[in-house]
Structures are given as structure tokens and as C-alpha cells.
Number of protein chains: 4
Amino acid sequence: MNLLEHYHTTRQYSEELCSLLQTEDYVPQPVAFVSPPKWHLAHTTWFFEQFILTKHLPDYKVFDEDFCFLFNSYYNNVGDRTFRAERGAITRPTVQQVYEYRRYVDMHMELALQLKDDEIHELAELGINHEQQHQELLLTDIKYILGCNPTFPVYNEDIEWENQENKTEAGFTPINEGVYEIGFNDEGFSYDNEHGRHKVYLHNYEIANTLVTNAEYMEFMESNGYEDFNYWLDEGWVWVTENQVKAPLYWHRINGKWMHFTLSGLQEINPDAILTHINFYEAAAFAEWKGMRLPTEFEWEAVAQKLNWGQRWEWTNSAYLPYPGFTKPEGAVGEYNGKFMINQMVLRGKSCATSPKHGRATYRNFFHPDERWQFNGIRLVK
Amino acid sequence: MNLLEHYHTTRQYSEELCSLLQTEDYVPQPVAFVSPPKWHLAHTTWFFEQFILTKHLPDYKVFDEDFCFLFNSYYNNVGDRTFRAERGAITRPTVQQVYEYRRYVDMHMELALQLKDDEIHELAELGINHEQQHQELLLTDIKYILGCNPTFPVYNEDIEWENQENKTEAGFTPINEGVYEIGFNDEGFSYDNEHGRHKVYLHNYEIANTLVTNAEYMEFMESNGYEDFNYWLDEGWVWVTENQVKAPLYWHRINGKWMHFTLSGLQEINPDAILTHINFYEAAAFAEWKGMRLPTEFEWEAVAQKLNWGQRWEWTNSAYLPYPGFTKPEGAVGEYNGKFMINQMVLRGKSCATSPKHGRATYRNFFHPDERWQFNGIRLVK
Amino acid sequence: MNLLEHYHTTRQYSEELCSLLQTEDYVPQPVAFVSPPKWHLAHTTWFFEQFILTKHLPDYKVFDEDFCFLFNSYYNNVGDRTFRAERGAITRPTVQQVYEYRRYVDMHMELALQLKDDEIHELAELGINHEQQHQELLLTDIKYILGCNPTFPVYNEDIEWENQENKTEAGFTPINEGVYEIGFNDEGFSYDNEHGRHKVYLHNYEIANTLVTNAEYMEFMESNGYEDFNYWLDEGWVWVTENQVKAPLYWHRINGKWMHFTLSGLQEINPDAILTHINFYEAAAFAEWKGMRLPTEFEWEAVAQKLNWGQRWEWTNSAYLPYPGFTKPEGAVGEYNGKFMINQMVLRGKSCATSPKHGRATYRNFFHPDERWQFNGIRLVK
Amino acid sequence: MNLLEHYHTTRQYSEELCSLLQTEDYVPQPVAFVSPPKWHLAHTTWFFEQFILTKHLPDYKVFDEDFCFLFNSYYNNVGDRTFRAERGAITRPTVQQVYEYRRYVDMHMELALQLKDDEIHELAELGINHEQQHQELLLTDIKYILGCNPTFPVYNEDIEWENQENKTEAGFTPINEGVYEIGFNDEGFSYDNEHGRHKVYLHNYEIANTLVTNAEYMEFMESNGYEDFNYWLDEGWVWVTENQVKAPLYWHRINGKWMHFTLSGLQEINPDAILTHINFYEAAAFAEWKGMRLPTEFEWEAVAQKLNWGQRWEWTNSAYLPYPGFTKPEGAVGEYNGKFMINQMVLRGKSCATSPKHGRATYRNFFHPDERWQFNGIRLVK
């Protein structure tokens, strides 16, 4: 697939993901970490306009001056007319106008991609990967927004992957002590945070072949896992008690049964399905209860080719920090990854909601330890 | 106009007010005191369904069970499935479904109003007045929501009443000391909080014939009115300093000029227009700076027939408290007024945004002293 | 008693109140509305120094420049070196230094009071009354501070007035409709907020001869008074639910019994004692449950000479607002009362903790409706 | 020095640190992360009582039942009578009673240490190290508490180490790539978080021989280091803007000069002194501005024997996480370290305020990235 095709496929996929929404669903921002679908569609478009079209396409005229600051996620550079308003209060442009914006930028990107300009191609590849990242966020944000409706609306009746089961037999794979090479070393696209192929020394460990299931986690819950502080990190325990947490996100106890709000609506928990929507605190507490632990991101990557991964983003016990030799690129693109390297934990693998072809063994995803609206899960190590 | 006509006119007017909105504008709740237009349309409908149709129309089947708690503003009675979600995050039912809900309820109300049932008629009148109150909130909430858009969208180009000027000549009317009668004593609809016609003793005072204008208020601003704590109530001063207030709500200083965001978009301030969007703290500080004061609600009502009122809700220096003999009705309807009689100040008159025929001289409006998104203004007394 | 004697008696009484404290008890400010005893002792002294000595005593040298802003409660006028620190974090000057400050100011006040200067005498009288007000706050703040100790320390074993019973027979006194005169009209000291003797028109009412007892209030509690929103003002209900209130302040349920933390330590509730430590919300909810109401401050004052008052500050249903003709004095003394006339409710009478000779029938005390650490109580009206 | 001597020396040193305090200084808790000196003195004592005396000394009677929960920092195990009160509001026991508590426990510890009981000896060593840790906190908390006084009181005029300069010549030491051994491997006391001697692979780096000075940091400040978001981690930038930070903690701009509040009072900044009181965000931003970075804790430990360390705790770019094979001990002692391994960054070395003989090259100190009241500093790596 050439770059232009890749561009179009990616752009279409974003819109496909939104095709089942009502106009109203595009608008809200129920919590700070969730963005309105409308904003995702516009922001990914702005990325192409801002970094490619305005800089590299001769005579390009921006679609709308206002969009430059409305859909910039990097507020640091915003000029005069900043407003305290939350994204969820910005009703204009309308959804339809955002789609027109997409059309306009797509048309000009088509021209830009025909120019023989390496920088355009490189930035376009970054833009495509950027949009793919937002596609996963689109899905998880849509789930969150629909989940705020007490009526449990269905996004898509045919989604089955939320209930997927492990395809491998349970058990542990032992890994030998020694020096391993870590970091991206391949052809194709990758992010700056994966760069700096380097050596790490690992000690013996055994890593689980399967991800933790709902049944296993319910055992933890029934053993008073959420009531016994001994399993929890100190800040995890504060989180549990302040929020009176009793179960993973989207689990509802209805008429004595645990139900799960999914993109296909409210469903009974399938005990054999792979657990999801737990945060780092819960993952760590579960591991502690099991008498095991989470892998480091290096332990994970070293054995990635032997693992069956891809249903859930897997929490690791590694903080998100730079690899040796990491330097952030000059300018706004440099804000992509480096500045987030604090107070976040690394997740490895990919999830059922990750865009096609977006995952790879060296990919470093990262979230704060209290966040659980992504499709993340638990792989144990002992 | 008979009751059925009154019902239809009122219902149509609510929808007319929304006819200029985009679907997206119906959704957000940018701050707690503003409700989504969608919610207003549904809640006023729910009021008729809940208090008339389900109780008094034989065989009535509710439109949707979920709406009963979704559009109940009295959370006290809500049952099991309460959610922490904010109104602005509830995307379903859609706007279109809400309009269907209105159709459905209107159709059944037509039947109900044909029954010769005094209680239905009484409740319908309450429901109509309730919807009229929400019409004014609809307008002020729409203004607030549109005002959260950094692009200053226009609601209706033809609205002129935001810039209306005083129609009376300036000056003061002197009133004599004595016993005056206060409270509703007429035919037609009124709220329970106006009842209890009673006597109050007033001392001599002089009341302004006109409302304070933008020019007068700008003089206050230019005399460092917002910087000198001596003019302010203690809690008002905290409000000014914590929020760094410098001007009325919706005023923006752009290129050295004061502009006002109106329902017709961003406009230059008209110095002769009547000031609006100031809260009680600002009204009281302005009066203090002038060496005058605000009227009490009794001083206002006693002289109402001599005043030209109706452009702005006029802040009084009376706290919202019960009249002698006030008792709240039994049941949910009793929650209408009485329970709000604390920490709010009374406003008298009506505003340019008040629904036709909704105002009267005994009407008691009330808001917290820090609220300023209503069309309120200042009349001085000395 | 001449003014100098009055000065000395008052000053000594403040120190007497503190004589049972440990040094540590003088320091904390557990919540914003409570001040450290050390601060009360210094602030009342600063009042004399600031308003009398520095202005009217020739050649007076302030005790310590720093004290001028440390012990000024009117932060509005404070200069450069303001700090964000809370009062409870200010450990210096020490308690001993504060007592030295008092000695120093007392010595100079003695000189000042010998000058034949009417302004000094007037301000001294204000300062004495100011200190008397702080004496009651000292007691209630000391109770609050000691009450933060899980060990329930005893302030003074011999205090009996917390458990005082009604001395009058129960029943109601009927009052006739008519015009009554309200406001201070006597010799001696009074505050500006009582001035402006004026007429009010009252309608027929009957006022209780006794204050509500613990037994009556426990009946309310046992009738699920704290669980039924119908009795509560809307903001009162928010307060109850957010704070999970179940009983008056200082009541602890221990081994199945209601205990009351008093200045004499933890004691069993005496059912016949007069209820105290309830806020306006609780007073209003109790009255609603009884099918009665609270008096207005005018209904209270009109009948004051027939009532047995003085054990508890009695919540009225009047907001704290200016009397007709009220104007605040020029300068800092003008900040004494006027600027607090918003969002507070008036209490009438006096309490067992009020300083000797400080009460009078026209006295207007005021607190926010959620405050309950004062010795306040309930008198009903029907 | 034998264990009993070590016990006594340590206990005396804590009291020596407090000998310059006024009783009032022992009480406040101005912010959540600072504890009252009184509490430190009692809590370290409680540690010996709780883990040694009540469990291992036959017939031991606790000094006071209440102290068991008052001075327990592990609230998780607290029983019935928990209070919402902040530590700074607990005035009883008095300072004198706390000293009596210390006497009582010391007397019994003397008996306990004479028993030939390995567990007692081991726990005593832990208790001594625990108290040494609190000694450093005592000093930094005392500085914080005194710093809340607008009068800048002097703790001890003779402290010179706050202004100490680098004793080594500037420059960088190059280190070779390879496998290094990390973790405690010595005789004597150490914490569980240092255990698990293990291998890490390090790549080439050069580490500074000296710590960053005030002069260097002032250059950063003058280059608009606090105004340019490009140098800052995202959460660091939020911290800077929300708190309007302009300089290190305790720096005050007075009459155009930067002054530093020290334990010896307010002093002019010495440009050659080693910088302190900056948090991780500031350390990272400074390094970014310099075009360098912070060392990892492994890079630091690998070269520790070649470095001159000990004036400041040195921020590393390592998150506080378990070493391979880390398991927390059973029971309450297990809460000592493990549960804090999230959202904190490691600091290495020791500071001028660290208790004598408490530091070692494998010691892992840890704080949140926004905390700056410790004596921490910056060593750069390139």
C-alpha cells in the first residue's frame, strides 16, 4: 500500500468508527481525559494542516483561522484569544462543518503527497500514525461517553472482541538471565520514544502465556481484594477508598449479577473472557494477591516474539522514562512524547481496539496509574 | 385565550426559541447552573407527563420509563439507577427523540385538557407557567452555551432588546412612610411564594425612575470600582479577587474597546443601553459607590404601578424568605419554591427575555448573589 | 463601673478564659472559621493599639511592627509582605510574647484613658465590646480545638451551663398584629447594625416560652429527621448528605449511647437540657418537622421583654440585612458590620457563653446557615 | 558503638534538634506533607513501643492507650475511634507529655535491649534507622514551619551547611559501557528496598563532579527558564503555571535582591553555594535547558565511590520501583517501603541534614516530583 492509499484508508477508518454515532454523541467531554469525537476528527485533521499544508504546500489557505487554536491540543503555543471553556462546551463548528474540514484537508493532502518531498512524506507518516492512535482513543472515548447514559445505548451490536478469550494454553515461559537488546531496530515507522536500541540485563523470570480472565479477577474480588489494603500500593488504596471502587470500570451489579457495559450494550460477564478496564493500581494489587508481579517493559519486549499478544494493552511495572540517548526533536513535534515522561506507567502489546497495523513489539504506550478506560489487561510474572 | 390554546402557544414558543439552534447546541452543560436546551425541552414535558398524565389520564402509558428519572429535576425522589453523570454528558435520547416525546405528551395533554377536571386544569396552568419560566432559562442558557464558543456565534441577528435604552426620564420618585399591602391579590395564576397578602411598614424613600445604564457602570469601572474593596460586601470582594473580575459577564476587552457578546453576536457596547449581566455583589457595590442603595422588594412592589419596569430583572436588597403564613403544598409540587428560601436574593420586575404575559408586579424571582447570567439590572434608591 | 475599670475587667476576663489552656492549645486553626486563642488575645489588643494608641496617644511607639499585619483581621489593608500562611501555622510570636504585648498595650491604654478625649472614650468602648465578642468566640473556638483531640480533654470540670434546662414552663405566648418599633433606643453602647429605630408591621403569631430540648430533638432524629429531605431546605439537604450528618455537632455515638463533648469533657446527653450546636438548616428542618417555624428577628424583638432568653443564641428566619437608614461609618471601623450583610442569618438573645453584660434585646448576632459551633438553639413560633 | 549506645545517641540527637524550638513550634502542620515536631518525637517512640515493647518485653504496659492510634502513621490499621482531625489540630498530649513518653519508652527499651533476643536487636536497629530518617524530616519540617512565619525566625544562628560550596573541581567523569552490580552487598543495616544485588547494563556516560550552584541556577532563571514551556515536562509546566513559580522554595525577592530563608534566618543568596530546594520538575527543566540530563539511579550508584557526595539529595531520572526479587516483609513492617513504589522519583546520596552515619551509596531516597522542601540538588550527566 503506498502512502496516499495509506492516508486515505486511515482517514476513512476514523469516519467509519463514527458512522454509528448520533450527532449528540460527538459533543460531550464528560471527564478531562476523554475528548469529544468531534474534536478527535478535527484535531487529527488539524495535524495535517498545521504541520504539512501550511508549511509545505505552496499557496495553501487554511480552512478556518479559528480552527488553528480550537483543535490544537498543545495549548502552550496558543495565542491571544484563549478561553477557559472546556472542549465539551464548544458546540461550533458543527459536526457537519468538521466533516467539511476533513474533505478540504484531504483534497489538499492529495496534492501535497504528490510532491516529491521527503519531509512531507515523513510528516504524513507521522500524521497517519497520529490519527491511528486517536482512532483507539475514539473508540474508548465513545465507550466512555455512551457509558454516561443511564440507558446503556448500543454502539455496534456486532462487536465481539470485548469478550474474547485466551487462545493459548495457560502456563509460564521461563526466560534466562542475560543481556537483551531493547528498542526499535526495524524498517518502517516508529516513535521517538522507542528509539535508542540498547542493552539491558535481565535476571531469570517466568512469564505467563495468557492474560488474566474475568473469572480469576472475580476470585480476587470475592476474596475481599478491594477491602484489604495489604494488596495495594499506598496511592492505590487512597484511590480505592476515595472512589469506593468495588469492580473494574463499566461493571454494574444489577439484580445480584455482575454486568459489563460494552460497545454492544450491557452484557453478562463472561468468566472466560480476558479481563479489561482495570488500572495499574488494580493490576498491581491483583498480582500481589496472587503472590506474583507484573513484568517490566524490558522483560516483556525480550520475550515478545514468544507471546500471543494483542487483546489488551498489558500493564508493566516500568515507569515511562527515556531510553539511553533519547533526545526530543526540535519544535512542536518534539512535544509528542518526551514531555509526558513522568508519573506514567508503560503498557505493552496492543488491544482489540488498536487500529490495524498500528502495533509492534517495541511500541511503548503509557497511561497514569489510575486510568482504566482503555482496553488494558494483566499478564503475570513470577 | 382558553387553556388548551394557552397550552399550545406556550409549547410552540419553547420550540420556536430552539429553532435557530444546531443539534450540537442542545447538548452541553458548561457549568452546573446552566442546563442543556435538550433537557429544558424534555423536563418541561416530563412535568406534564408526571403530574397530569400518569396521575389523571386513564390508561396513560409513559413514553419511556427512563425519561422519568432522566428529566426529573428533583433528584430527591429518584430511585435505584441514579448515575453520577452530569446532564451535559447524557447524549441519549437524541434531540429528535425529545421532540417525539413532546409530540406524544402534547397529544395526550389535548385529551386530558378536554376532561372536566379542575385538578388537571390547575396543574396544567402550573405546568404552563413552569414552562414559561424555563423559556427564559432556555434563552439565558443558550446565550451562555454559545458564549463558550471562542468564535462568538450568532443566535439570532434580529434581537434588539439586549441594547434597549430607558424609556423614561431620569429622576427619583419619592414615596411616603406608612403601611403598605404586599403580595398577590388578583385573579389568574400566581406562585405560592407570592401568596399571603400582608402588611409591611415602609419608611420614606425615593426610587429611581430609570435603570442604570452601561455608561454609568463604565464610570464605576473607570473609578476603580473593581479594585477598591470599600465598595464591596465581604463575600463580593472574595468573589472579585478569586475570579479576577473586571467587568460584567460577556464583556470582552478587544483591541482597547469594550465589546459585549449578545444573542446577536459580538457588539460594541452602547453606552445608553441598560446595563445587564451583573450579579448582586456588583449591583450592591455600584450602589455603594453611588452613595445610594438597592430597594427592598417591598419598596419595589409598593411603587410598582408607578415604575416603568420590564427590561431587566431588578436586584433588590431583600433575601428570599417566606411571607407571613406561607406553607408549602403537600407532595412534590411543594418542592417548587419553599425549599429554596435560603442564601438567595429577590429580583423584581421582569426582563426582555421573560416569556410574554409571564410577569406581574408581585412576582418574586430569586438567584444567588454571585449569579449573573440572567438579564438582570440595577434600580437605585436613596 | 467607670471606663478604665471596665477596660481592666474585660481584659482580665479574656486572660482568665485562657488560664486553663496549655501552650499548645493556643496555636491551631483546625478550620477556617476558628481562630487560635493566641490570635484572639493579640487581635483584640491590636484593635486598641491600632485605633487608639497609634492615632491618639502622643509619642506612642508600636510594640512590634510585625504585629500590625499579623493580627489585623481586615486583610484588605495589608501591605507588601502578605503571606499565604494560615493563622494556625504562625508559631511566632509565642504565647508569652503575646501576653507581653497585652501588658504593654494595657499600660499605654491606661494613659490614654486618662486623657479627656471623647473620641478615645468612644473607641475604647467599641474596643471593649469588640473584646467581649471575641471572648465568646474564644470559648467556642477553644471547645472546637479541644474537640479535635480524640482524647476528649477537659477544659474546666466545673462548667455546668452547657447542660442547663429551661426555667420557664412550656407553652406559647400569643402576640397581636400591629406596628412595632424595632432597633436600639437606649443609653449605653450599641453597634451600628442595631441603629435606625424603625417601625415594622407584624401579623398575629404565637411564640414558644421555652427553647427546644435535647429530648425533643432526639425525637426528630429518631423519626428519621436527618434522612427525609422533605423537612430540609435544598441547601440544607446538600449539607446533610455531603457531610453525612446524623446529629448535632459534638455528639458522638459511643457504645449505643449519645454522648456530648462539652467544655467539661465527654458527658452523657441530658434529655432535659436545652439543645445546642445545631445550625440554621437543622433548626429550620426541626421546625418544619414540628409543623411550626422559626420567628423573624422582629417577632423576637417585639416580644423580648416577655421571654426568658439567654441560654442559647436563637436562630431566626431573618437574613442579616441593614435597617432602614443604615450607613456604615467612614474608614476601617466601617468594616465592622455592614460588609457582612449577605448570606447570613440573624440570631437573637445571647448564650451561656456570652460575656457578662454584653447582651441586650436589640443585639443582632449573625452566622452562616451551616455554622454550628456557637451555642445556638431553637425557639419555635406558630 | 554497641546497640544500646547507638539507641541512646540517636534518641538524644532527636531531642537536641528540638532543643531550640519554642513549645508553639512543635504544634502546626501547615501542609499535609509536613508533620509537627511533636508528632515526629512521639511517632518514633511509638515505633519502639509498638514493634518491640508490646510484643517482646514481658509484662510491658503501654504508656497511654490513646497514643497507639494518635502516633501511628499507618492509618490502615486504626480501629474505631478515628477522627478526621489533621495532625496540626491535635494539641494533646502536650510537648511535655511527649517527652515523658520518650523517657518511659527509653527506660523500657534499655531493659529490652538487655535481653538476648535477635528479633529485638534487629527491630531496634530498624527503629534507630527509622528515627534517623525522621531526624532529617524534623529539620526540613522545622524549616518549613518557621518559614510560615512572616517574621523569618532564626532556628540556629550557627548553621553554615546551607551555604556550603562544592569541594571538588568542576568537570565530568566518563564511565564505560558494561554490566554493573547494583544493590546492597555489605555488612550493617540496610533497607529492604536496597536489597537484591543485581546486574544492570549501562551505556557510556559522563557524570558531573560537582553539584549545580545558585549562580548556575540564577542563569537559568534569568534566561526565562520558568517562562519557557519547552524546558518542562508537561506536568511540571502545569505545576509552574498553577503555582506561579519563579524561584526555588524559600527564595524571596526583597528590595530587588534574591534572599533565601535558611535555618539561620533570612540571608542573601551566595552564588557559589550549592543550589537546593528545587523539585524534580525544576531539576529536569534545568538539565534540559543545559542540554544535558539527570543520571539514572544506576548510573549514580555505579560511580558513587568516585563522586564527592553528601551536601544534597541528588534527583535521579529513575522512578522508585522494586529491584528484581524484591518482596516486602510480612506484616506492618512490610508497609515500610514497598507500598510507596509508584509516582515517586529516586534521590541518591545524602544531604547536609541527613543524620550522622545514616547515608550509604546504595541508599534509595524517594519523593514525589513536585516536592521541594528537602535539601535536594542537581548533578548533571551528558
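The values are calculated or read from the model by the stated rules, or taken from the named source; none is laboratory data. What you see is a predicted model; the values in this text were computed from it and never measured. Every residue, glycine among them, receives a Cβ derived from its backbone with ideal geometry; neighbour counts consider all protein chains shown. To get the accessible areas, we keep the full protein, side chains included, count just its heavy atoms, and leave off ligands, DNA and RNA. Shrake-Rupley method; radii C 1.70, N 1.55, O 1.52, S 1.80 Å.
Is it true that some residue in region D:1-13 is within 11 Å of another protein chain (Cβ to nearest Cβ), closer than 24 Å to C:Thr91 by Cβ and either in a helix (DSSP H, G or I) or modelled with pLDDT under 95 (or both)?
no
Check off (1) away from chain B (no Cβ under 14 Å); (2) in contact (Cβ under 8 Å) with a residue 40 or more places away in the chain for C:Ile207 and give me the number that stays unchecked.
(1)
Has region A:136-144 got any residue that is more than 14 Å from chain B (Cβ to nearest Cβ), open to solvent by less than 70 Å² (accessible area, probe 1.4 Å) and closer than 30 Å to A:Pro324 by Cβ?
Yes, because at least one residue in region A:136-144 is more than 14 Å from chain B (Cβ to nearest Cβ), open to solvent by less than 70 Å² (accessible area, probe 1.4 Å) and closer than 30 Å to A:Pro324 by Cβ.
Can you tell me which condition A:Ala285 does not meet? The list is (1) among the small types (Gly, Ala, Ser); (2) away from chain D (no Cβ under 14 Å); (3) over 19 Å from A:Trp161 (Cα atoms), and all the others hold.
Result: A:Ala285 passes all but (2).
Of the residues that sit in region C:210-225 and are surrounded by fewer than 19 Cβ atoms within 10 Å (Cβ to Cβ) and not in a helix (DSSP H, G or I), which one is nearest to the other protein chains (Cβ to nearest Cβ)?
C:Asn224
Select from region A:342-357 the residues that are at pLDDT 95 or above and open to solvent by 10 Å² or more (accessible area, probe 1.4 Å) and write down the one among them that is farthest from A:Thr276 (Cα to Cα).
A:Asn343
Kindly list the number of the only condition in (1) touching a Phe, Trp or Tyr at 6+ places or on another chain (Cβ under 8 Å); (2) part of a helix (DSSP H, G or I); (3) open to solvent by 10 Å² or more (accessible area, probe 1.4 Å) that fails for B:Phe286.
That leaves (3) as the condition not met.
Could you tell me how many of the residues in region D:312-336 are within 14 Å of another protein chain (Cβ to nearest Cβ), acidic (Asp, Glu) and closer than 15 Å to D:Tyr363 by Cβ?
Counting residues in region D:312-336 that are within 14 Å of another protein chain (Cβ to nearest Cβ), acidic (Asp, Glu) and closer than 15 Å to D:Tyr363 by Cβ gives 0.
Would it be correct to say that D:Arg81 is over 23 Å from the mean Cα position of the chain (by Cα) and either modelled with pLDDT under 95 or not in a helix (DSSP H, G or I) (or both)?
Spelling it out, D:Arg81 is indeed over 23 Å from the mean Cα position of the chain (by Cα) and either modelled with pLDDT under 95 or not in a helix (DSSP H, G or I) (or both).
If you go through region B:226-250, how many residues are more than 26 Å from the chain's Cα centre (by Cα), closer than 25 Å to C:Leu321 by Cβ, surrounded by fewer than 18 Cβ atoms within 10 Å (Cβ to Cβ) and not polar (S, T, N, Q)?
Counting residues in region B:226-250 that are more than 26 Å from the chain's Cα centre (by Cα), closer than 25 Å to C:Leu321 by Cβ, surrounded by fewer than 18 Cβ atoms within 10 Å (Cβ to Cβ) and not polar (S, T, N, Q) gives 1.
Out of (1) surrounded by fewer than 18 Cβ atoms within 10 Å (Cβ to Cβ); (2) more than 24 Å from the chain's Cα centre (by Cα); (3) in a helix (DSSP H, G or I), the odd one out for D:Glu122 is which?
Among (1) surrounded by fewer than 18 Cβ atoms within 10 Å (Cβ to Cβ); (2) more than 24 Å from the chain's Cα centre (by Cα); (3) in a helix (DSSP H, G or I), the lone unmet condition for D:Glu122 is (2).
Which of the residues that make up region B:268-282 are part of a loop (DSSP other than H, G, I, E, B) and open to solvent by 10 Å² or more (accessible area, probe 1.4 Å)?
Residues satisfying the conditions are B:Ile269, B:Asn270, B:Pro271, B:Asp272.
Need pairs with beta-carbon distance below 6 Å; first residue within 14 Å of another protein chain (Cβ to nearest Cβ) and within 26 Å of C:Lys382 (Cβ to Cβ) and within region C:173-200, second among the hydrophobic types (A, V, I, L, M, F, W, C) and open to solvent by 30 Å² or more (accessible area, probe 1.4 Å); sequence gap 6+ or separate chains.
From residues that are within 14 Å of another protein chain (Cβ to nearest Cβ) and within 26 Å of C:Lys382 (Cβ to Cβ), the pairs are C:Ile182/C:Phe298; C:Lys199/C:Val179; C:Val200/C:Phe298.
I'd like to know if region D:84-96 contains one or more residues that are in a helix (DSSP H, G or I), facing another protein chain (nearest Cβ under 9 Å), at pLDDT 95 or above and more than 23 Å from the chain's Cα centre (by Cα).
Yes - at least one qualifying residue is present in region D:84-96.
Can you work out which of the residues in region D:246-259 that are in contact with a Phe, Trp or Tyr (Cβ under 6 Å, 6 or more places away or on another chain) and without any contact (Cβ under 8 Å) to a residue 60 or more places away in the chain is nearest to D:Pro369 (Cα to Cα)?
D:Lys246
On the basis of being in a helix (DSSP H, G or I), farther than 27 Å from C:Asn166 by Cα and touching a Lys or Arg at 6+ places or on another chain (Cβ under 7 Å), does C:Gly236 make the cut?
When the stated conditions are applied, C:Gly236 does not pass them.
Can you run down the residue pairs with Cβ atoms below 6 Å, 6 or more apart or on separate chains, where the first is in region A:346-357 and touching a residue at least 24 places away in the same chain (Cβ under 8 Å) and outside the structural domain of A:Glu299 (by TED's automatic domain parsing) and the partner is basic (Lys, Arg) and open to solvent by less than 30 Å² (accessible area, probe 1.4 Å)?
So the pair list comes out empty.
Suppose we filter D:Arg360, D:Arg379 for residues that are away from chain A (no Cβ under 13 Å) and either crowded, with 21+ Cβ neighbours inside 10 Å or β-branched (Val, Ile, Thr) (or both); which single one remains?
Only one candidate qualifies: D:Arg379.
Looking only at region D:14-36, filter to residues that are crowded, with 19+ Cβ neighbours inside 10 Å and away from chain C (no Cβ under 14 Å); which one of those is nearest to D:Glu131 (Cα to Cα)?
Across region D:14-36, the extreme among qualifying residues is D:Ser14.
Output the number of residues of region C:252-267 satisfying the condition of being surrounded by fewer than 20 Cβ atoms within 10 Å (Cβ to Cβ) and touching a strand residue (DSSP E or B) at 6+ places or on another chain (Cβ under 6 Å).
5
Taking only pairs six or more apart or across chains, which ones have beta-carbon atoms under 9 Å, a first residue in region A:51-69 that is open to solvent by 50 Å² or more (accessible area, probe 1.4 Å), and a second residue that is at pLDDT 90 or above and of a type in the set (Phe, Trp, Tyr)?
Matching pairs, first to second residue: A:Thr54/A:Tyr60; A:Phe63/A:Tyr101; A:Phe63/A:Tyr104; A:Asp64/A:Tyr101.
I'd like to know if region A:302-311 contains one or more residues that are within 14 Å of chain D (Cβ to nearest Cβ), of a type outside the set (Val, Ile, Thr), within 30 Å of D:Arg293 (Cβ to Cβ) and within 19 Å of the chain's Cα centre (by Cα).
So far as region A:302-311 goes, no, none of its residues is within 14 Å of chain D (Cβ to nearest Cβ), of a type outside the set (Val, Ile, Thr), within 30 Å of D:Arg293 (Cβ to Cβ) and within 19 Å of the chain's Cα centre (by Cα).
Quick one: would you say B:Ala304 is of a type in the set (A, V, I, L, M, F, W, C), surrounded by fewer than 17 Cβ atoms within 10 Å (Cβ to Cβ) and modelled with pLDDT of 95 or more?
So B:Ala304 passes the test.
Kindly indicate the residue of region B:145-159 that is touching a strand residue (DSSP E or B) at 6+ places or on another chain (Cβ under 8 Å) and of a type in the set (Val, Ile, Thr) and also most open to solvent (accessible area, probe 1.4 Å) among those meeting that condition.
Looking at residues that are touching a strand residue (DSSP E or B) at 6+ places or on another chain (Cβ under 8 Å) and of a type in the set (Val, Ile, Thr), I get B:Val154.
Which ones in region D:37-75 are over 19 Å from the mean Cα position of the chain (by Cα) and at the interface with chain C (Cβ under 9 Å from one of its Cβ atoms)?
Selection gives D:Asp64, D:Asp66, D:Phe69, D:Leu70.
Do any strands (runs of 3 or more DSSP E) lying entirely in region C:295-382 carry at least 1 residues that are over 18 Å from B:Leu233 (Cα atoms), and which ones are they?
Correct list: C:313-319, C:345-349.
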